[in-house]
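Below: one structure, written as structure tokens.
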């Protein structure tokens with residue numbers, strides 16, 4: 001980003017110029033030329049609806065812009081500078097380019113409207129003196145030439161001096177209008193009538209909306225203000241509210257002074273109502289000229305500010321556009337480009353056509369500004385500290401209303417506008433990857449939402465966890481880069497139904513060296529995990545021993561906002577002794593309420609992920625439900641979509657029927673997708689041990705789930721998990737308490 005400043009060398013303006021620039025753009029050509037059309041086609045009530053709907057976009061946007069403007073020191077570039085410095089160059093540029101086009105085309109719009117002010121004179125010359133009918137486009141082109149020459153040679157100073165004069169004429173013409181009388185002395189005031197077969201509400205709204213788009217005009221003077229963070233909010237909000245009041249009063253006066261037919265057919269109807277008719281064309285000329293001046297002062301500054309930030313391709317182009325006068329840095333080249341764009345649209349000469357284009361450009365710009373403001377409210381970025389505070393719900397209202405209105409006005413154009421802005425953002429993000437963007441903003445929003453949800457989950461969780469059990473599983477492994485089986489089990493368990501935290505253990509004391517190592521390991525873990533479908537939280541821990549690491553981890557809260565309730569260890573079947581250190585903590589684990597899972601990995605791995613065998617032995621009273629639930633949860637992962645669960649019940653001959661009935665009831669009440677045809681009753685054999693029976697039956701299983709008890713582990717240690725050499729991967733499960741399947 002360039003370090004050149006867009007701040008003027010002589011910043012001398014206060015709040016009044018911001019107000020005048022904004023109000024002169026708001027009370028512009030639409031007020032004089034098309035507001036009678038709106039009242040005629042929609043009636044007084046419909047016109048008020050248009051005013052209210054328009055301000056449902058502009059007032060939230062004005063509040064958002066005022067808030068953003070007080071977040072930091074403001075320099076030249078108006079809305080673009082404010083947004084890009086608060087939310088990053090990528091977001092600011094995407095909005096800035098669209099905003100600039102809106103401002104540049106607005107110049108043409110107001111010049112066309114200015115030429116309309118000569119309509120009474122043209123008609124008088126043609127009908128009274130028999131001169132040829134003059135094409136108003138030539139007046140527009142001539143006016144645009146004069147305006148362009150003035151702004152390129154004299155800059156904002158001449159524009160501001162002229163602004164005081166034309167705003168005075170504008171309010172004088174409005175005063176004469178309000179003092180005027182109805183066109184017909186017998187006119188009956190009816191506020192709810194309109195012409196037959198009127199234009200649709202949203203078509204009329206699209207024509208009228210440019211009347212409300214002046215709120216960002218004053219921002220373009222940010223580089224010329226003594227105290228922008230004070231003048232911008234005050235001037236912008238005051239002008240927006242003043243414009244709202246004037247438009248309501250004008251709608252009332254029009255409805256009370258002329259019939260719908262007169263309002264709809266005569267664009268200069270205000271001339272007939274006014275106390276002195278000629279003041280209305282003069283006021284129209286003043287309003288159009290003041291709006292054109294406001295826009296042509298603002299647009300080049302927006303373009304210049306973007307050029308300083310090298311938004312456009314090519315250093316030569318950016319340098320040329322950023323060039324300003326030595327004395328006051330007036331944007332001469334940016335002004336030239338703006339003048340050329342305005343000339344093109346002036347040549348069209350159709351005020352309604354240009355109005356529709358402006359409406360769409362401004363609507364998408366305002367919608368995005370409100371959306372960004374809304375996201376910033378929820379992101380709670382410590383660097384975002386505005387002195388003026390808006391409300392998040394106002395930004396939400398502005399964003400939703402903007403995007404809804406875009407599609408109501410013209411859905412294809414709305415879609416095209418959003419695609420263009422998205423394309424600009426993606427293009428800029430690709431070339432400015434280090435700049436802040438929507439990803440950072442959304443990351444902040446997600447962080448805040450996650451934080452709030454975690455707190456709410458913790459505070460609201462008063463139910464018995466056994467009644468609404470789900471796995472909050474943590475896995476600690478020092479063999480992450482040797483075997484990935486434990487990580488696979490964790491991601492299967494946590495994808496849909498639970499939460500998983502995988503921690504890589506680094507042996508040692510916390511030093512600068514081990515801390516650097518842990519960061520490198522975490523980056524490696526994130527890279528490895530990116531290639532699999534998972535929702536596992538990854539981390540590392542540095543501790544002098546594996547047992548101390550386990551003791552530390554089980555005291556931590558889980559990422560869910562609740563504590564963890566299950567721990568997963570893993571070992572290779574060829575080295576069961578490696579479990580000794582982990583199993584030395586089993587008394588602590590049981591005391592703290594953890595369910596314990598031990599994954600035994602073999603050279604077979606998880607095979608084709610087709611069959612899960614669950615073995616329920618006579619002593620598995622507490623384990624059975626947890627084993628079945630885990631099998632069901634694992635089966636829910638897409639990698640096991642073609643898998644099935646087979647349950648094998650080891651029983652004593654005298655208990656066969658009772659065990660089968662209990663299991664059938666459990667599966668039916670638990671609504672588990674396990675058919676009774678997949679349940680096999682296996683009689684315990686006197687000649688063979690249970691391990692031998694399991695080993696023979698589940699030889700081809702892709703995952704075998706076997707239960708074990710606390711006393712068994714205490715007596716046998718790691719040998720609890722041995723003598724299953726011929727099987728594939730085995731998940732040994734021990735429930736701390738019995739889980740209810742509901």
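Bear in mind that the values in this text are calculations on the coordinates, not laboratory data. Remember, predicted model here, so these are calculated numbers, not experimental data. Here Cβ is always computed from backbone atoms with ideal geometry, including for glycine, and neighbour counts include all displayed protein chains.
Values as computed for the structure displayed
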read-out	value
Mean Cβ neighbour count within 10 Å, used as a protection proxy, ranking 524-534, 601-611 highest first	601-611, 524-534
For region 570-616: relative contact order, % (alpha-carbon pairs under 8 angstrom, 6 or more apart)	50 percent
Stretchable slack from residue 193 to residue 131, in nm (0.36 nm times residue separation minus alpha-carbon distance)	18.3 nm
Extension reserve of the residue 165-residue 317 stretch, reckoned as 0.36 nm per residue once the Cα distance is removed	51.1 nm
Inter-label distance for residue 150 and residue 184, nm, one decimal - labels placed 7 Å from Cα along Cα-to-Cβ	4.1 nm
Residue 551 versus residue 691: modelled label distance in nm, points set 7 Å from Cα along the beta carbon direction	3.1 nm
Segments 710-722, 42-54, 622-634 sorted - mean Cβ within 10 Å per residue, highest first	622-634, 42-54, 710-722
Cβ-based exposure ranking for 245, 57, 693, 649, in which fewest neighbours within 10 Å come first	245, 693, 649, 57
Cα centroid of region 507-540 to Cα centroid of region 226-279, whole Å	64 Å
Förster-model FRET efficiency, 25 Å R0, residue 658 and residue 590, C-beta, rounded to 0.05	0.30
Prolate/oblate/rounded label for region 460-605 (Cα gyration tensor, a/c 1.5)	rounded
At R0 = 60 Å, FRET efficiency that the Cβ-Cβ distance of residue 200 and residue 700 yields, to 0.05	0.30
Spacing of the two label points (7 Å from each Cα toward its C-beta) at residue 420 and residue 408, in nm	2.3 nm
Residues residue 737 and residue 715, FRET efficiency given R0 of 25 Å [Cβ-Cβ distance, rounded to 0.05]	0.75
Part-to-part distance (alpha-carbon centres) for region 342-370 and region 672-734, which is given in Å	73 Å
Gyration tensor (alpha-carbon) shape descriptor, region 472-734, a/c threshold 1.5	prolate
Alpha-carbon centroids, region 118-139 and region 576-615: separation in whole Å	94 Å
